[in-house]
1. If you take every DSSP beta bridge whose two residues both sit in the chain, what share of them, in percent to the nearest 5, is antiparallel?
2. Excluding residue 351 itself, what net charge comes from residues whose Cβ is under 15 Å from its Cβ, given Lys and Arg +1 and Asp and Glu -1?
3. Taking square-rooted eigenvalues a ≥ b ≥ c of the alpha carbon gyration tensor, is the stretch 343-429 rounded, prolate or oblate, where a/c under 1.5 means rounded and, failing that, a/b exceeding b/c means prolate?
4. Express the Stokes-Einstein translational diffusion coefficient of the chain in µm² s⁻¹, to the nearest whole number, given a Kirkwood radius over alpha-carbon pairs, 20 °C and a viscosity of 1.002 mPa s.
5. Assuming a ≥ b ≥ c are the square roots of the Cα gyration tensor eigenvalues, decide whether the stretch 1-107 counts as rounded (a/c under 1.5), prolate (otherwise, with a/b larger than b/c) or oblate.
6. Counting each DSSP H run of 4 or more residues in the chain as -39500 (n - 2.57), what helix-only mean residue ellipticity at 222 nm follows after dividing by all residues, to the nearest 500 deg cm²/dmol?
7. On the Cα set of the stretch 90-169, report Rg and Dmax in Å, please.
8. If you roll a 1.4 Å probe over the stretch 161-277 with all protein chains in place, what percent of the accessible area is carbon or sulfur?
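The values are calculated or read from the model by the stated rules, or taken from the named source; none is laboratory data. Here the structure is a predicted model, which means the values were calculated and not measured. Virtual Cβ from ideal backbone geometry, glycine too; neighbours counted across all protein chains shown. With ligands, DNA and RNA removed, areas are computed over all heavy atoms of the protein, side chains included. Shrake-Rupley method; radii C 1.70, N 1.55, O 1.52, S 1.80 Å.
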Amino acid sequence: MVYDFNTKIENDHLIIGDIDANDLAKEYGTPLYVIDEEKIRDNYNKLYTAFSSKYPDLHMCYAAKANTSLAVMKVLESEGSYIDAVSPGEIYTALLAGYSPDRIVFTGNNVTTEELEYANETGVTINLDSISALERLSTIENTKGKEISFRVNPMVEAGHHEHCITGGPKSKFGIKEDEAVEVYQRAIDLGFKPIGMHSHIGSEILESEPFMLAVETMMDIAGKVHQEIGVDFKFLDFGGGFGIPYEPEEEELDLETFTSDIIALYKSKLEEYDMGSPSMYIEPGRFLVGNSEVLLTRVNTIKQSYRKFAGVDCGFNTLLRPTMYGSYHHIVVANRMNDEPVEKIDVAGNVCESGDLFARDRLMPELEEGDLLAILNAGAYAYTMASQYNSRPRPAEVMVNKEEVDVIRRRESFSDLFNGQHVPTRLLK
Ligand code: LLP
């Protein structure tokens, strides 16, 4: 069985773009991240069209945290994307990738005053997450009359794992619903011009109900702020969270129905509160890049212990999601794509921790040393969450466009392990 929608098979081999994954592994070594440029563009256009065909004043702010490779940011820049930046580093990266400040929304949390200063200097839109940040922003020079936005907590909990639920009573994010009017009023009193409202409820959501509920709640909050204190919203930002199927039996989000329902609700709420027609922002991360990338890793050890293991040449330092969230990533054998699955096996990484598993009891073809595995859907929260744990340099990342390949992140070397380190001279005797 082969499960994927962005890959082809030729001569029993996995093909990415128009290139054999086995050739890529030979040429660039493993572990290797391989991202397909066309797939990113397709994803962008699919989501953009689904929303904008029903509400043209739509901006998609790519949630850069999913994948900050400059080349990926550039591809999305050329499609017309905006950016959702979570840190000064992401603002810097977006500017470097060619996004103008008016296309960048900075949604930090627990931000320092220095970070607010940086965001203010760069001219990006600042979306505030607390009253504390508002008060501190007001102490920064040249912020009088500044246009700002607030993140609210619409009290909807959704997401694939407890760690990824960002709405509801336990969440650290956003302003409480019953404080919204007061906070927007305070912003006006401090001389700001509030023009936006934002919410984001969680990540990897495959049903439309939580989104509908969040949009409804946020629109009621925005409507109240508009009617009670006259805030005119230029944009309303509903965050990201649009899920993708990771498991073979998972269904894709039904985009047509989903976007029709969301936009109908949006329009009816705008009308109900007489709010005009502000821009609609959304912040997809995973949806744009998740299924556009695979992680190639080679089996180096087959071990029959109390269980059967296939040991590969990377670990949770390279792809953390299975270990951190118990996330499922489908794995195919890139050099024997048509082999039937015959046995259950654990696919284990090379990090010195027992939790370093890419799959437990996974039904796979009979694996052999030297096989090339492709871990699918490794485009979002994969390279960006990689580390050098166990003193293993991070892998290379290549971008494929049909038959063209470019290294977009070189493989790190041992010397990269010591970047910025210093040994006190007294220890060098
Ligand atoms: N907007 C905000 C404010 C966010 O915090 C996030 C993700 C997004 C948009 C994009 O969400 P997406 O469309 O990608 O679901 N590391 C986790 C995911 C953490 C998501 C954090 N925030 C994972 O690997 O599943």
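1. Working: 32 of 68 bridges.
Just about 45 percent of them are antiparallel.
2. Working: positive: 321, 392, 394; negative: 313, 346, 353, 356.
That sum, taken over residues with Cβ under 15 Å, equals -1.
3. Numbers: a/c = 2.78, a/b = 1.49, b/c = 1.87.
Verdict is oblate for the stretch 343-429.
4. 93 µm²/s
5. Working: a/c = 3.04, a/b = 1.61, b/c = 1.90.
Judged from the Cα gyration tensor, the stretch 1-107 comes out oblate (a/c at least 1.5, b/c at or above a/b).
6. Values: 11 runs with 118 residues, N = 429.
Helix contribution divided over all residues of the chain: -8500 deg cm²/dmol.
7. Radius of gyration, then largest Cα-Cα span, for the stretch 90-169: 14.2, 41 Å.
8. Working: 2440 of 5240 Å².
The computed percentage sits at 47.
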